[in-house]
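Taking it in order: structure first as structure tokens, then the write-up.
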Amino acid sequence: MKNRFGRRSFLKHAALATGALSAQQIFPSPSILHAANLGDKVRCVIVGCGGRGGSHLSATAGEHLVALVDVVDKNLAAFKKTISVTSRNGTNVETFTDYRRMFDKLHKQIDAVFVATPNHHHALPSMIAMQLGKSVYCEKPLCHDIAEARKLREMSHKYKVATQMGNQGHCDEGYRRLCEFIWGGVIGKITETHCWCDRSNGGIGPRPPIEPVPAGMHWDEWIGPAPYRDFHSDLHPHEWHGWYDFGNGSLGNLACHVMDGMYWSLKIDHPESVELEAVTGGTDERCPVGTRIRWDCPARGDMPPVKVYWYDGYQDGEKPAGQQAEHGVSKAKKKKSKEGKRVHYLPPLLAELQAKYPDERFESNATLYVGEKGILYTGCYGGNMHLLPKAKMKEIAQPPKTLPRPKQVFEDFLSAVREGRTDTAASFEYGAQLTEFTLLGNLAQHAGKGNKVEWNGAEMKVTNLPELNRFVTREYRKGWKID
């Protein structure tokens with residue numbers, strides 16, 4: 001491969017100069033790095049300038065932006081233009097199409113890295129940054145596969161840098177109040193939860209025909225550590241979510257947001273099993289159009305076993321408006337349901353509650369917590385947390401507020417970087433565990449409907465269907481692997 005992994009070259013040179021052999025020895029620890037510069041602007045790099053990268057640009061507006069990385073030239077140009085318009089000196093911001101080259105050239109000039117790439121690139125720049133003693137903010141899900149989640153968590157312990165998964169709801173009031181309600185016994189012991197979303201990040205049928213790579217797109221760098229394939233439609237800029245080589249379907253898109261409150265409040269660790277109960281669409285390469293998945297979690301302390309349900313997408317095979325149609329199926333010819341609209345995968349309990357409480361307004365991405373003394377509801381990011389019916393909120397004794405209320409998610413991270421702390425609200429310690437739990441749903445999809453996947457979390461392996469263990473980790477393409 002033409003582009004060598006530049007980290008090796010500068011680590012070699014640094015080791016020769018200092019006699020050190022590891023990035024942790026070569027570079028000062030974050031606490032030392034920032035103790036002398038407390039309150040200074042954080043020197044930042046943004047990896048991924050499309051989509052969520054726009055939020056990262058806003059978040060770093062008051063900091064010192066050193067470099068931008070993106071595989072699409074027009075994205076880099078647009079960001080540079082935005083920087084100039086906001087009166088910052090955009091001419092001094094360097095641009096790269098390969099984050100390996102960026103780290104090779106600028107590793108001594110940066111404090112923090114913001115990652116907003118497709119999922120298959122999340123782990124690698126995060127790992128490189130941590131090895132170099134740099135703090136990392138990475139969008140959800142934290143990585144592409146379960147083994148990466150374990151590795152990221154281990155590395156965050158080893159290198160002791162500030163880390164944050166892009167999980168806004170974990171900093172907000174809703175999920176924190178949810179925890180206080182559940183831990184305070186407001187609805188008693190919880191035996192099941194139902195999480196749903198309206199996303200349909202999947203498809204049907206084979207790959208579309210090969211097409212020329214769009215002008216200004218650096219395709220080899222976009223593929224990165226994933227298995228190589230030629231460019232085709234239904235990949236860029238957003239449809240990669242629906243292909244297993246690059247994304248994790250609707251689970252990868254929203255589960256870390258919607259399931260966050262469930263995972264946190266119920267103190268979930270490793271489930272005993274996970275099973276695909278219903279599915280529409282999908283292939284060996286493509287994520288399903290819609291699913292119903294169940295995780296079986298054992299008792300935790302004084303909390304009883306709990307069944308966790310996930311519902312996403314559509315039962316009739318259609319994708320939501322605004323997303324590209326499946327290859328070979330035009331939007332105009334898609335078959336509608338008898339009601340003339342898409343049929344969602346949703347919990348039957350939701351319909352019962354809507355009929356019982358007609359004034360309730362349930363969001364399209366939300367969760368129900370079923371306890372022995374009642375039901376709690378949260379919207380996406382934990383918003384609108386309340387008992388059902390909502391009038392009960394005025395009738396009960398409110399549990400005390402026992403959890404800290406952190407700053408907004410980006411501010412929380414940047415404050416930790418400046419102060420040399422690692423205790424962010426959604427650090428990799430937590431984010432990696434939540435990500436791993438959600439990605440087990442992909443294993444259930446690979447297993448197929450009705451095939452229970454028995455999971456040994458301590459050993460990170462499937463015990464009853466060993467052929468699934470090839471999906472727990474992946475082989476990185478040559479030139480993209482790190483130790």
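Output the residues belonging to region 52-79 that are touching a His at 6+ places or on another chain (Cβ under 9 Å) and among the hydrophobic types (A, V, I, L, M, F, W, C). The answer is Val71, Val72.
Here is a check on your reading of the model: is Gly188 in the same structural domain as Thr424 (by TED's automatic domain parsing) and in a loop (DSSP other than H, G, I, E, B)? For Gly188, the condition - in the same structural domain as Thr424 (by TED's automatic domain parsing) and in a loop (DSSP other than H, G, I, E, B) - is not met. Looking for something closer than 30 Å to Ala278 by Cα, free of Cβ contacts under 8 Å to residues at least 40 places away in the same chain and among the polar types (S, T, N, Q) - is there at least one such residue anywhere in region 390-401? Within region 390-401 (the criterion being closer than 30 Å to Ala278 by Cα, free of Cβ contacts under 8 Å to residues at least 40 places away in the same chain and among the polar types (S, T, N, Q)), the answer is no, since none of the residues qualifies. Restricting region 146-191 to residues that are touching a Phe, Trp or Tyr at 6+ places or on another chain (Cβ under 7 Å) and charged (D, E, K, R) leaves a set whose member that is farthest from Arg470 (Cα to Cα) is Asp172.
Taking the conditions (1) at pLDDT 95 or above; (2) farther than 17 Å from Phe471 by Cα; (3) β-branched (Val, Ile, Thr) in turn, Thr283 satisfies each one other than (2).
Counting only helices (runs of 4 or more DSSP H) that sit wholly inside region 65-176, those with at least 3 residues that are more than 18 Å from Arg43 (Cβ to Cβ) and among the charged types (D, E, K, R) are 73-85, 146-159.
Residue-wise test of (1) under 26 Å from Asp269 (Cβ atoms); (2) outside the structural domain of Ala59 (by TED's automatic domain parsing); (3) in a loop (DSSP other than H, G, I, E, B).
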| residue | (1), (2), (3) |
| --- | --- |
| Leu368 | yes, yes, no |
| Ile375 | yes, yes, no |
| Ala391 | no, yes, no |
| Ala397 | no, yes, yes |
| Lys401 | yes, yes, yes |
| Val417 | no, no, no |
| Arg421 | yes, no, yes |
| Ala426 | yes, no, yes |
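Residues checked against (1) under 15 Å from Ile146 (Cβ atoms); (2) surrounded by fewer than 22 Cβ atoms within 10 Å (Cβ to Cβ); (3) polar (S, T, N, Q):
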| residue | (1), (2), (3) |
| --- | --- |
| Asn253 | no, no, yes |
| Asp269 | yes, yes, no |
| Glu272 | no, yes, no |
| Arg286 | no, no, no |
| Val289 | no, no, no |
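Considering only residues in region 420-465 that are of a type in the set (S, T, N, Q) and farther than 30 Å from Ala112 by Cβ, the one that is surrounded by the most Cβ atoms within 10 Å (Cβ to Cβ) turns out to be Gln445.
Just to be sure I understand the filter: pairs with C-beta atoms under 9 Å, separated by 6 or more residues or on different chains, first member in region 361-377 and surrounded by fewer than 16 Cβ atoms within 10 Å (Cβ to Cβ), second member of a type in the set (Ser, Thr, Tyr) and assigned to a loop (DSSP other than H, G, I, E, B). Which pairs pass? So the pair list comes out empty.
The values are calculated or read from the model by the stated rules, or taken from the named source; none is laboratory data. Not measured: the values here are computed from a predicted model. Cβ coordinates were reconstructed from backbone atoms using ideal geometry, including for glycine residues, and neighbour counts include every protein chain displayed.
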